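The next block holds one structure in the form of C-alpha cells; read it before the comments.
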Amino acid sequence: MIKNLFSLPRKTLLIILVIIIAVGVLVYTRDNEDKGSKSDYPVYLNFDGNYVFSVPKNYTVDEQSVPGAQLVYTGKIEAKTLEDVYAASGIAIQPITDLTDQTGKAFKKYVNDQYLPEFKKNLSTDDVQVKFGKVGGTDNAAVTAKKDGKQFRFLFLKGGQHPVAVVAKQESAALKDIERTLIDVEKSDLKTEQASIKKLIRDTTQLVKDQKAKDLYSAGSTELKASTTEAELAAALKTATPYTEGNVIISGVSYTPDSFSTVLRLTKLNKDDQQPAIGALTFKKVDGQWKLELLTLPDPTRQ
C-alpha cells in the first residue's frame, strides 16, 4: 500500500530535498521542447517499480527526499512535509506493491475495496469521486477528494503489469503529462535497453564500492578523462569510503537516447550516523557504447 504518500506524520520529512538543491549533485530536469509523443525526453525509469514517464518541461524528479517514491516539482520548494509539496503544485509518484493481479476486474476491486477506504480514513473525508478508464489496454482510475467542500487531493492510479499511484492536490497540466506518458517499461522505448542499463549501473556502483579506480577510469569517456586523472579518481574513492562501504540505494534513471543519469543514496555503516549522502553517475553513448562521463561522490570531510 502507498499510504505514506497521504498519511506521513507532520514533521520534517524532506531534509534531503534541500541538500540536493544546495549541492547541485544531480537533478533530472527536462528543458527541451515537447515532441508531442510518448517518447518525450528525458524520461524517468523507476529502477525497481519498472515504470516509465516523461518528465514535464522545467520539472525536476527528486528520488531522495521520500525513499521509495519520486517527487516531481518545479523551482525550489522549502518543504517540511508532503503537504507543503502538494501545496506548491508538486507531485508524488510511487509503485503500488500489493496489487499483483493484473486483470481489470482485480484492479477495480482493489481500488474500491482496499485503496479508497484507507485513503478516506487517512484524509478524514468521504467526499471522494472515482472515474475508471482504460488507455492502451491498461486500466486506470482518477480519484478526486474534497475536504470541507474544497479540492484537497487528486490521484491517478495505473494498473497493468506495474501498478503506480500519482498523487497531487489537483490535476495540473504537468500531472496530465505524466498520466499521458506513464507506462510499463515493457511497453516503452526502453524495453530493449533497461536490462543492460540496470546492469551497467549495478556493475559501476560495485566498482565504486570496491575502489576500482583503474577499471572506472578505463570505462570513462573523453570528458571524464579530461576533467580528472586516475590518481585523483583513486583519491576521491578513498575519501568517500565511509559512505561507499555502507548501503547504496539506486532509485531511478533519467534517460535520453544519448545519455542517462542516476542518483546514488549512500548511508554509512555506522549506526550512529544514518544521515545519507548523495552521489551520481552519468553515462553518454559513444560509438554505440555507454561510457562513464561523470562520477560524483560524497566527501565526508565536507559533510
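Values in this text are rule-based calculations from the coordinates and carry no lab data. Just so it is clear, the model here is predicted, and its values are computed rather than measured. Note that we place each Cβ from the backbone using ideal geometry, even for glycine, and neighbour counts take in every protein chain shown.
Tabulated data for the structure shown
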{"read-out": "Computed log₁₀ I(q)/I(0) - Debye formula, equal Cα scatterers, no solvent, the chain, q 0.13, 0.16 Å⁻¹", "value": "-0.95, -1.34"}
{"read-out": "Relative counts (whole %) of C-alpha pair distances in the range 160-221, using bins that are 10 Å wide", "value": "17, 29, 24, 22, 8, 0"}
{"read-out": "R0 of 45 Å, Cβ-Cβ distance N122-K199: FRET efficiency to nearest 0.05", "value": "0.70"}
{"read-out": "Surrounding net charge for F47, when Lys and Arg each add one and Asp and Glu each subtract one, Cβ distance under 10 Å", "value": "0"}
{"read-out": "Neighbourhood charge, 10 Å Cβ-Cβ cut-off, centred on D127 and excluding it, Lys, Arg +1 and Asp, Glu -1", "value": "+2"}
{"read-out": "Ranked list, fewest to most other Cβ atoms within 10 Å of each Cβ, for I197, I96", "value": "I197, I96"}
{"read-out": "Anchor K109: lysines whose Cα lies under 19 Å away (excluding residues fewer than 8 positions away in-chain)", "value": "K3, K120, K121, K131, K134, K158"}
{"read-out": "Burial ordering of K105, K120, fewest other beta-carbon atoms within 10 Å first", "value": "K105, K120"}
{"read-out": "Percent of alpha-carbon pairs separated by more than 17 Å within the range 131-249", "value": "70"}
{"read-out": "On Cα atoms only, tilt of 194-209 relative to the major axis of the chain in degrees", "value": "50"}
{"read-out": "Per-selection Rg to Rh, the range 194-302 - Cα, Kirkwood hydrodynamic radius", "value": "0.96"}
